1. At a Förster distance of 22 Å, what's the computed FRET efficiency of Asn196 paired with Glu89, Cβ-Cβ distance as r, to 0.05?
2. Could I have the simple spin-label model distance between Glu121 and Met218, label points 7 Å from Cα toward Cβ, reported in nm to one decimal?
3. So for Ser199, Ser57, fewest C-beta neighbours within 10 Å to most, what's the order?
4. Please label the shape of segment 67-164 as rounded, prolate or oblate, based on the square roots a ≥ b ≥ c of the eigenvalues of the alpha-carbon gyration tensor (a/c under 1.5 means rounded; beyond that, a/b larger than b/c means prolate, else oblate).
5. Of the peptides 209-215, 130-136, how do they stack up when ordered by the mean number of other Cβ atoms within 10 Å, highest first?
6. Using a 10 Å cut-off around each Cβ, can you sort Glu71, Glu89 from fewest to most neighbouring Cβ atoms?
7. Output the peptides 107-115, 36-44 sorted from most to least packed, where packing is the average of other Cβ atoms within 10 Å over each peptide's residues.
8. From the Cα gyration tensor of segment 37-96, with a ≥ b ≥ c the square roots of its eigenvalues, which class applies: rounded if a/c is under 1.5, or else prolate if a/b is larger than b/c, or else oblate?
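Throughout, read-outs are computed from the coordinates displayed, never taken from laboratory work. Because the structure is a prediction, the values reported are computed rather than measured. Using ideal geometry, Cβ is built from the backbone for each residue, glycine included, and neighbour counts are taken over all protein chains shown.
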Amino acid sequence: MTLEFEASNIAPATQTAQWQDISVELLNDVFTPLSYQERIRLLYKYFREEDVLLTSSFGTSSAFLLYWLNEIHPKQRVHFIDTTYHFPETLAYKDQLTALFGLDVVNVLPDPLQNALTTDEQWWVEHPRMCCSINKVVPLEAVKAAHKVWISGLMAYQTDFRSHLRVFERQGDILKFHPLIDIDEGELLYHFSLHNLPSHPLEGKGYGSIGCVHCTKMGEGREGRFKGQSRTECGLHPGYFIKK
């Protein structure tokens with residue numbers, strides 16, 4: 001179904017009103033020694049399902065996290081940021097995984113007028129960061145404001161920025177939760193094979209990481225993302241966890 005959208009000293013969600021006061025250090029002490037499956041299970045003991053934000057880009061590694069969420073907490077809604085610039089193959093892969101796992105997907109869309117401006121003036125050429133902000137970062141802000149913790153499938157081996165992340169980080173007014181942060185590429189590939197998870201259609205054509213059409217080239221890992229620009233991230237995750 002798809003919709004559209006313009007054990008510790010930590011008290012469980014049913015007993016705590018001041019979730020902002022939860023210590024990130026304590027959360028990391030509790031969650032870091034656990035497996036990623038245990039981390040996901042434990043998360044729902046401290047946060048209600050409606051307070052949890054799960055996003056997916058439906059990229060090359062997305063099926064892994066979606067598989068485990070479906071196994072552990074299948075009712076969790078998935079938010080997809082539809083920039084209007086995705087590859088047709090990505091949209092087809094999204095439909096495939098949605099059907100496979102029975103996902104409840106919410107499409108998060110940019111402002112139509114601003115989105116049209118980025119198209120008319122091809123902002124991805126001269127203003128790529130602003131294009132990303134208008135079509136990806138800003139549309140998610142209202143969604144983030146309605147949640148307390150954000151599940152993200154970032155993995156440390158993917159980029160230098162991600163290699164410094166912990167299981168929990170605070171990003172402005174929301175907690176980022178990275179249950180997969182410390183797995184390696186070998187384990188990821190093993191589980192794709194073990195659970196017969198479908199690959200993104202473009203992965204076999206040499207795309208290691210896939211975002212919008214205009215800012216994605218062929219290449220291993222994330223070397224094909226934002227090629228020629230001095231960044232490897234889209235703007236959703238960096239900021240080094242300060243409020244924007």
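1. Working: r = 20 Å, r/R0 = 0.89.
After rounding, the FRET efficiency stands at 0.65.
2. 3.4 nm
3. Details: Ser199 12, Ser57 21.
So the ranking, lowest neighbour count to highest, is Ser199, Ser57.
4. Details: a/c = 1.74, a/b = 1.47, b/c = 1.19.
The shape class here is prolate.
5. On the way: 209-215: 20.0, 130-136: 21.6.
Highest to lowest by the protection proxy: 130-136, 209-215.
6. Working: Glu71 13, Glu89 16.
Listed from fewest to most nearby Cβ atoms, that is Glu71, Glu89.
7. Working: 107-115: 15.7, 36-44: 18.3.
Ranking, from highest mean packing down: 36-44, 107-115.
8. Numbers: a/c = 3.01, a/b = 1.95, b/c = 1.54.
Prolate.
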